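The values are calculated or read from the model by the stated rules, or taken from the named source; none is laboratory data. Given the structure is predicted, the values throughout are model-derived calculations rather than measurements. Ideal geometry is used to build each Cβ from the backbone, glycine not excepted, and the neighbour counts take in all protein chains shown. The protein model used for the area step is the full one, side chains on, heavy atoms only, and it has no ligands, DNA or RNA in it. Shrake-Rupley method; radii C 1.70, N 1.55, O 1.52, S 1.80 Å.
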Amino acid sequence: MSDNEDTLTIRDNRTGNEFTLPITDGTINAMEFRQIKEKEDDFGLMVYDPAFKNTASCRSAVTLIDGDKGILRYRGYPIEQLAEHSTFLEVAYLLIHGDLPNQVDHDAWVHDITIHTYVHQFVLRAMDGFKWDAHAMGKMVSLLGSLSTFYPDSKNVRDPALRHEHIVKIIAKMPTMAAWCFRHSQGRPYVYPDNDLDYVGNFLNMLFRMAEPRYEVNPVLRKALDVLFILHADHEQNCSANAARAVGSSEADPYCSLAAATAALYGPLHGGANEAVLRMLREIGDVKNIPAFVDNCKNGEQRLMGFGHRVYKNYDPRARIIKGLAHEVFEITGNNPLLEIALELEKIALNDEYFVKRKLYPNVDFYSGLIYQSMGFPVEMFPVLFAIPRAAGWLAQWSEMLADDAQKIARPRQIYVGAGERSYIPIDKR
Ligand code: ACO
């Protein structure tokens, strides 16, 4: 390809001036547009892109999604291979460090995470401040933010050794806080981490152990949750990763940056969708109600939760794996009656012109909630189960942002559409 072909020539019809802008990696640097001015003292052209529909906000080597082909890779590894062969902690290492660990590095990583699972006892005092029916995600946001006050040195975000120390702490403490959020809402005593158990086994123990001397972790459920953690670990520049990067760009500490990301994940259009799917399936209640429900979605009265994605215009590869996983879990837990409604809903939607035309396919949240429910989780815990593994992705994105010289504090421009200058009028004259 000649140099000429890697450029874009623009003619400004207001002035007749022509500009040749370089194309790099299929993009134009938005700052190039600033040279395009009507008058010398103009600000120059900006690009307008609410919701970042066509704007790359960073260069990233963490995760690749090809939305048209339904491809998802972490650091180059297809999600299907990671789900089949890896473990969540190995995937977390991969996301953070860029490569799969050798045995020595793997063991050191697992050891470091394991010995940091305890959370300061004062965190439980913060927990006591919540009402008994406080949503688990609201509690997670607050507890994560509160950890910032326990680790003031985490503010030294430019220190790579400290950064790594707090990355380990966050990945280690997420399951502990999540399990305690659950125990709090159940009014059950808190169970402390057990270093003899692996990451997921320890989490299940802290969630469900009662009076038995040793909680028996079911290997199929442990494996299923580990795979779900792998599938949720990162998803490039989604709403919550963007929040982690944006807040982190002000050099806020990682606990506050991740509290912001968790808050972003909470919304029903993002990680809260798994909770919304379950509520939707319950509301539909019976296969015979599906056609009327689908009609409501088509005429815009409601959304088919767990369907559609900003990037995937094909079947979400994670949804395919989760659908298979659901059957394995239900063999242990017994069938989930909502599965029949979900399968029928999917069948109808995938054959309906409205959904086909808009390329709306099941996303990661469509089936995950059914598994969580069958494992004994209340719906409020669903987005928390998403946040635990996604912390690894957020931290990988956050570290990459800090190491990227092109990044500065995130600060978009606006098109001001408000009133022109006007004089203040005293209240008695208005
Ligand atoms: N049900 C019905 N119609 C839908 C749905 C849906 N779930 N999703 C999109 N559409 C329609 C829109 O109404 C719009 O139709 P129009 O062109 O006639 O106006 C068209 O499809 C495009 O939708 P947008 O909202 O423009 O797509 P966008 O990329 O902004 O939204 C989103 C993506 C938020 C995921 C959307 O599909 C949605 O709300 N889905 C349901 C919630 C959900 O499952 N979220 C989880 C996403 S995965 C994750 O975050 C982990």
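Spacing of the modelled spin labels on GLU165 and ASP196, each 7 Å from Cα toward Cβ, amounts to 3.1 nm. Here the peptides 198-208, 141-151, 34-44 are ranked by packing, the mean other Cβ count within 10 Å, and the order with the highest first is 198-208, 141-151, 34-44. Let's see if you can work this out: charge +1 on each Lys and Arg Cβ, -1 on each Asp and Glu Cβ, no other charges. What is the dipole magnitude of segment 1-134 about its Cα centre, in debye to the nearest 20? Roughly 440 debye for segment 1-134.
The mean of 1/r over all distinct Cα pairs in segment 273-374, once inverted, gives the Kirkwood hydrodynamic radius of 13.6 Å. With all protein chains kept in place, the per residue accessible area of the chain amounts to 51 square angstrom at a probe of 1.4 angstrom.
Which helices, taking whole DSSP H runs in the chain, have alpha carbons extending 27 angstrom or more along the helix axis plus mean Kyte-Doolittle at least -0.5? Those that pass (Cα extent of 27 Å or more, hydropathy at least -0.5) are 160-186, 382-403. Rounded to the nearest 20, the Cβ-based charge dipole of segment 1-48 about its Cα centre (Lys and Arg +1, Asp and Glu -1) stands at 200 debye. Think of the chain as having a plus end and a minus end, set by charges on the Cβ of Lys, Arg, Asp and Glu; of LEU269, LEU385, THR176, LEU269 sits farthest toward the positive end of this dipole.
Comparing LEU304, LEU95, LEU197 in a Gaussian network model of the chain where C-alpha atoms under 10 Å apart are linked, the largest mean-square fluctuation is found at LEU197. About its Cα centre, the chain has a charge dipole of approximately 1260 debye under the convention of +1 per Lys or Arg Cβ and -1 per Asp or Glu Cβ, with nothing else charged. Measuring max minus min along each principal axis, the C-alpha atoms of segment 1-48 give extents of 36, 21, 15 Å (largest first). Amide H contacts for ASN17 (H built 1.01 Å from N in the peptide plane; partners 5 or more residues away or on another chain; cut-off under 5 Å): ASP12. The chain has equivalent-ellipsoid semi-axes of 39, 28, 24 Å, by the square roots of 5 times the alpha carbon gyration tensor eigenvalues, sorted largest first. Taking only protein heavy atoms and a 1.4 Å probe, the accessible area of the chain is 52% carbon and sulfur.
Label separation (ILE409 vs ARG320): 4.5 nm, computed from points 7 Å beyond Cα along the C-beta direction. DSSP beta bridges confined to the chain are antiparallel in about 100 percent of cases.
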